[in-house]
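What follows is one structure encoded as structure tokens, with my remarks underneath.
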Amino acid sequence: MNPRTFITAALLTVSMTAALAQDKVVYHFDNSDTQATAGLRTLRNYLDTAPDTKIIAVALGDGVNFLMEGAKDKKNANIEYGPLISDLVARGVKFEVCELTLKAMNLKKEQFVVPEIFISSRNWPESMTPTLRSWGSALG
């Protein structure tokens, strides 16, 4: 087989495999004021166009504030985050919050819309690093 033909066939095979593979996204929130509304809309839109996408939304530092009970967009008080988050969870989005952030900000799990979203900071590298390597990262 001609090397050029082989390379073309290999690239075509890789391209087709990638097109058929399920989309996987890690979305990062580290500032609720500037990222929450747009980020939640992006996640919704992503699922509207690719409903089988596996999405993990990781929040840390100031990015956890929109996940708290009663949180609203500071620029538009009509946007309440709780229902948007609940809808995304129902559609399979997994939200994760670093427990170091909870300690640093003196927050309790009970203050959040979805209390089962937390991960241990101790397990962060083991749980997230392979995911980030294999899935890629969408930074909000």
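When the residues of segment 26-38 are filtered to those that are part of a helix (DSSP H, G or I) and in contact (Cβ under 8 Å) with a residue 40 or more places away in the chain, the one that is farthest from F112 (Cα to Cα) is A38. Looking across A59, A50, A71, one residue alone is touching a strand residue (DSSP E or B) at 6+ places or on another chain (Cβ under 7 Å) and at pLDDT 90 or above. It is A59. Candidates are the residues of segment 70-88 that are of a type in the set (A, V, I, L, M, F, W, C) and surrounded by 14 or more Cβ atoms within 10 Å (Cβ to Cβ); the one that is farthest from T42 (Cα to Cα) is A71.
Only a single criterion out of (1) closer than 18 Å to K24 by Cα; (2) modelled with pLDDT under 90; (3) surrounded by 14 or more Cβ atoms within 10 Å (Cβ to Cβ) is not satisfied by R91, namely (2). With respect to V64, is the statement that it is among the hydrophobic types (A, V, I, L, M, F, W, C) and either on the phi > 0 side of the Ramachandran plot or modelled with pLDDT of 90 or more (or both) true? It is true that V64 is among the hydrophobic types (A, V, I, L, M, F, W, C) and either on the phi > 0 side of the Ramachandran plot or modelled with pLDDT of 90 or more (or both). Looking across segment 39-69, the residues that are open to solvent by less than 10 Å² (accessible area, probe 1.4 Å) and assigned to a strand (DSSP E or B) come down to I55, A57, V58, A59. In segment 22-38, of all residues being surrounded by 15 or more Cβ atoms within 10 Å (Cβ to Cβ) and of a type in the set (A, V, I, L, M), the one that is nearest to E80 (Cα to Cα) corresponds to A36. Consider segment 72-95. How many of its residues are part of a loop (DSSP other than H, G, I, E, B) and of a type outside the set (D, E)? Total satisfying the criteria: 9.
The values are calculated or read from the model by the stated rules, or taken from the named source; none is laboratory data. None of these values were measured; they are calculated from a predicted model. Don't worry about glycine lacking a Cβ; one is built from the backbone with ideal geometry, like all the others, and counts go over all protein chains shown. The protein model used for the area step is the full one, side chains on, heavy atoms only, and it has no ligands, DNA or RNA in it. Shrake-Rupley method; radii C 1.70, N 1.55, O 1.52, S 1.80 Å.
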